[in-house]
1. For segment A:270-310, name all the residues that are in contact (Cβ under 8 Å) with a residue 12 or more places away in the chain, surrounded by fewer than 24 Cβ atoms within 10 Å (Cβ to Cβ) and over 24 Å from A:I88 (Cβ atoms).
2. So A:L263 fits all but one of (1) closer than 23 Å to A:I88 by Cβ; (2) open to solvent by less than 10 Å² (accessible area, probe 1.4 Å); (3) touching a Phe, Trp or Tyr at 6+ places or on another chain (Cβ under 9 Å); what number is the exception?
3. Go over the candidates B:G373, B:G380 one by one and state the one that is open to solvent by less than 10 Å² (accessible area, probe 1.4 Å), small (G, A, S) and assigned by TED's automatic domain parsing to the domain that holds B:V479.
4. Among the residues of segment A:355-395, count how many are touching a residue at least 60 places away in the same chain (Cβ under 8 Å), open to solvent by less than 30 Å² (accessible area, probe 1.4 Å) and within 22 Å of A:T454 (Cβ to Cβ).
5. Being among the hydroxyl-bearing types (S, T, Y) and more than 27 Å from A:L102 (Cα to Cα) is the filter here, so list the residues in segment A:48-90 that pass it.
6. Six or more apart or on different chains, Cβ under 6 Å: which pairs go from a residue in segment A:144-167 that's facing another protein chain (nearest Cβ under 7 Å) to one that's among the charged types (D, E, K, R)? Could you list them?
7. Output the number of residues of segment B:473-502 satisfying the condition of being open to solvent by 20 Å² or more (accessible area, probe 1.4 Å), within 30 Å of B:S335 (Cα to Cα) and away from chain A (no Cβ under 14 Å).
8. Return the only residue of B:F82, B:F99 being hydrophobic (A, V, I, L, M, F, W, C) and modelled with pLDDT of 85 or more.
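The values are calculated or read from the model by the stated rules, or taken from the named source; none is laboratory data. Keep in mind that what you see is a predicted model, and the values were worked out from it rather than measured. We place every Cβ from the backbone using ideal geometry, glycine too, and count neighbours over all the protein chains shown. To get the accessible areas, we keep the full protein, side chains included, count just its heavy atoms, and leave off ligands, DNA and RNA. Shrake-Rupley method; radii C 1.70, N 1.55, O 1.52, S 1.80 Å.
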Amino acid sequence: MTDFLNNNGISLMVFLPLVGVALMMAIPEKQEELHKLIALVTSLATAAVGAALLVKFNYDNSSALQFAIDKSWIDVVNARYSVALDGISLPLVALTLLITPLVIIYSWDHIPEPGNAKAFLILMLVLHTGMLGTFVAQDLVLFFVFFEVVLLPMYFMIGVWGGPDRLYAAIKFFLFTLFGSALMLVSFLALYWVTGSQTFDMQRLAELVANTEISSRTQWLIFGGMFMGFGIKVPMFPFHTWLPDAHTQAPTQGSVILAAVLLKLGTYGFVRIAIPILPEAAVDWAPIIGGLAVIGIIYGALGCLAQTDMKRLIAFSSVAHMGYVMLGIATLTTFGIQAAIFGMVAHGLITGMLFFVAGSVKERYHTLEIKRLGGMLTQAPKLGWILAFTSMASLGLPGLAGFWGEFPVILASYSPAPGLSDGLFRFYMVVAALGTVLAAAYLLWLLQRTAFGTPSEEFADDPNITDVNTFEWIAWAPILALILILGFLPGLLFDVMNDPVSAMADAVAALGK
Amino acid sequence: MLAAILAQVEQVPFNRPDIDWHAAAPELLLLAGGAIVTIVDLIWLERVRKLIPTLTSLTFLIALIPVITLWNDGGELPRTMFDGAYVVDEYSLVLKGLFLLSGYVIVLLSTNYMLEGDYYDSEYYQLISASIVGMLVMTSARDLVSIFVAIELVSIPAYLMAAWRKRDLRSNEAGLKYMLMGVFASGIMLYGMSILYGVSGSTKLVDIGAALTTGESVPLITLAVVFTIIGFGFKVSAVPFHTWAPDTYEGAPTPLTAFLAVASKAAGFVALISVVLFAFPGQAAVVEPLLWVLSAASMTVGNLIAMRQSNIVRMLAYSGVAQAGYMLAPLAVFSSRPDQAASAIVTYLVIYAAMNLGAFAVVIAVARKTRSGEISSYAGMFSYAPGLTVVMTAFLFSLAGIPPVGGWWAKFEVFRVLTADGNTWGVALAVVAAVNSVLAAYYYLVIAKQMWFVSAPNDDKAPIVIPSSLQAALALTVVFTILAGTVLLGQIANLTDFSLVN
C-alpha cells in the first residue's frame, strides 16, 4: 500500500477525475442523477486518495518533496513528468480536494441555467485535474500545461452557465490570463537557457541559478515575466479588472472554485517558482509587489464600499484579501510567507463560503441588489447567521481563520527580509492595517443591510424564501467547521509549512546580508 | 552547322547518373498513381466517378510505404542523388510523410464536396496528386533549379484548382488573383536566383552558401538574397505579400482552401528553410532582420485583421497569415542554431497541418447545413451538433496555443528557439509573439462563443449530416491534435529532432 502510494499516489489523485470524465462522456445527457453520482463518487475517490497521501505524509520532514514521481515526458527538451508534495503544496492540495466535492454536492439541486448537468460536471472534473496538477507539478513545462488546462473549463463555465453579461466576462477572464501566461512561458524558457543546463526541473533550476553568474538585469526581467503571469492570476492591482466581472457573472459553483482555488494558482506560483528560483530578483521586485499589494488592499476595500451588488462586493473583497497575501509574500520572511499561505487557505474557505451564501440568496430572492434585501435573519435565520459568521471570519475576527491570514502579515511587514527597506514596509504595514478597518466597515455594512432589519415589502411574504436545505448543509458544514478549527488551531497549518518556507526565506535572507 | 554541333555532342560521353530507386520511390509511386487515375478516368468515364477519390487516396497511402521503409533504414540516411542536388534525409522524410498524409486528408475533405457539386472531379484529383508530387520533390531539392521546378509544380495545379467553381465569379477571381500574384512572385524569385547563380557560378545551394560566406556586404548579393526571400514571402503569404490569400481562400472551393492553407504553405516553408539554411548562412546579417520584420508584421497584421472578419474562411486565411508569422520567427534567429530553427518550423508545420485541416473540415461540414461561411451561422451549434462543437473547439484552442491540445507545443518550440542564447532580438520577437497569441485567442474565442454561448438562429436545430469521408478526416485530425499536445508529444518531438546542417 505504502509502496503503491509512493509510486503512483499523486498521479492517481491528479488523473482520477479524468476517469470520471471518460465514464460520463459515454452516458447520455438525460440521466442527470447518474451524472451527479459519478461526479460525486469520482471527486470523493480523488479526495480519498488525497487523504491517504496526507495521512502517509511525513510531517517531520515537510520541506522534502514526498511521493515524488519522475518520469520522462518530452526528452528532446528535458521536460519531465515530475510531481511531488511538500509542506507548501500540501495545504493547497487539501483545500482543492475539499472544495470540489462540496461544490458537486451543492450542484445536486443547483445546476444553473441552462441546465445540462453532464457538461457542467465534466468541466468541473477537468478543472479538478488542472488544479491538483498545478499544485503538485515540479517541472515548469508540466506546471504551465496544468496552469493553462484550468482556463478552458472555467471559460465555459462562465460563458455557458453565467449571468447576463457572461460573454464579456468569459472572454475577458480568458484573455487576461492568457496574456500573463504567455509572458510567463517566455520567462520559463529564458530560465531554461540562461542556466545553461537546459532543464525545467524547479529544484535544479533554483540550485543552478544560485551557482551561475546571471546578470541581475536578466534575472529582473525573467522575474518580471513570471510576475505578469502570476500577478494577473492572483489578481494584483492593476490587473484585477477581470476578477469582479468573472466573479459576478460566473455561476455560484464557478465563483466558489474561482475564489477558493483558482486565485491561489497565482500566489502559489510566486511561492513555489518565482521566489525560490530567483531570490535575488525577488528582493528587487518585493517593494513593487508590496506597493501594488497595499494599493490592492485599499482599492479593493473602497471598491467594496461602492458596490450595490452583493456578489460584486464579495469579488472586490477578494482583491483586498489577495492584497494581504501578496504583501505577506513580498516581505520575503518566514513569518510573512507562512501567513500568506495561511491567508490563501483561509481566503479560499471564507470567500468560497461567502459565494455559496450569495448563490443561495440569489436563488431565493432572484436578486443580489443589496438595497432590496434585508431582514434575512427573520426570514431565513440560519442563512443569515451563516452570512454573519462568514463575514466575521472575512474581516479577520480573532478566533476564526481569517485572522491568521491578515494579522501576521501586518506584523511581518514590520521587519521585512534583509535587503528590503524597513521604512517602506512599515508604511505598507500602516496602510494594510487601515485596510482592516475598511474591511470591517464594508462587511458590517453588508451584513447590516442584508441580514438585519425587517424584510423589504416585496419579499415579506415570498414563499420561495426558505432556510438552508440539506444539500446546502452538507456542502457548507465542513467549510464552516474548518473556519472555526483553523481559527483556534492555526498551528495545524503553520507547522506543516514551517520548514519549507523557512528554508526559502533563509535563502533570501542570505542574499540580503 | 547543326551537324557540327551534333558531332561535338557525340564526343561527350553521356553517363547516366546513378538513381537511388528506393529514395525516389515515393515521388515515382505518386506520379504513377496520378497516371493510373487519369487512365482509369479516360477509359471508364462516368462509371467510375465515385471510385476516383478512393483510388487517389490509396495512391497517397501507397506512396507512404517507401517513406516509412526509408525512415526505418536509418543507417543509410542521408541518401544523395544527382551530385547532391537531391537529398533524402530525416528532414525530408518527415515532411514527405506530412505532405502525403495532408493530401490524404484533403482527398477525404474533397470527396463529397466534389461529388455533390457540378464539377469535373477526376481532373481535380489528378491535379492534387501532381501538386503533392511537387511538394515531395521540394523536400529533397537542394538545388535552385529543382527548387524552382518543384515550386511551379506545386503552384500551377493550385492556380487551376482555385478557379474550379467556374460558374462562380468569386472563384474566377480567386484563381486569377492567385495566379497573377504567384507568377509575379516567381518572377521576382527567379531574378534573385539568377543573380545568385551569376555570383556563385553554381545552382547547388551548398555551393552558393560557400560562395556567399565572404561576409562582405555586396549590394548585388544583398539584392539577390532579398529578392529570393520576397518570392518565398508570397508563397507563404507573409505580410506585406499576403494580399492574395483572403480573396483566393474565400473564392476557391473550400477543400482546396484547406490545401492552400496547409500543404501549399508548408511547401513554401520547406523551400525557404532549405534556401536560408544552406545557401544563406553567410548572409545572416541580411536575412535575419528581413525575416524578423516579415515575421513580426505577419503576426500582428494577420491577427489584427482576422479580428475584424465576419466570414470564417477569411478569418482562417488571416489567421493563417499570422501563423506564418510564428513559423517565420525561428528563421529570424537561425544563424546560431540552424538545426533547432528548422526543427521548430517542421514541428509547427506538422501540428498546424492537423489542426488547420481539421478546422476546415468542420467548416465544410457546417456549410453542408447552413450553406454559409458567416461566423454568425455557427450560433448555437452546441445545441444541435455537440460532437462537432467539441471537435471544433479542440481545433480552435489548438490554433490559439492553449494546452492540452497540440498547438501549444508548436508555439513552445518556436519560443524555445527564440529565447535561446538570450539574443535580444530573439527575446523581443518572442514577446511580440506572446502578445500576439492573446490577440489571436480573441477571434478564436469569438467562434467558440458563437458555438457554445449563443442560441441557434430561428431555433433551427436540425442536425448536421456528416458523410463518412468527412467523418474520417475529422477523426484523424482531432485525434492527432489532441494527442499531439499530451501523450504523443515526446514522439513528435523525437520525430522532428533531426540534424539538417552538418
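1. Once the filter is applied, which keeps residues that are in contact (Cβ under 8 Å) with a residue 12 or more places away in the chain, surrounded by fewer than 24 Cβ atoms within 10 Å (Cβ to Cβ) and over 24 Å from A:I88 (Cβ atoms), segment A:270-310 yields A:G291, A:I295, A:I298, A:Y299, A:L302, A:G303, A:L305, A:Q307, A:T308, A:D309.
2. (3)
3. The match here is B:G380.
4. Looking only at that region, the number is 16.
5. A:S62, A:S63, A:S72, A:Y81, A:S82
6. A:G159/A:R166; A:L167/B:K449
7. Of the residues in that region, 2 qualify.
8. Details: B:F82 fails: modelled with pLDDT of 85 or more.
One residue alone meets the criteria, B:F99.
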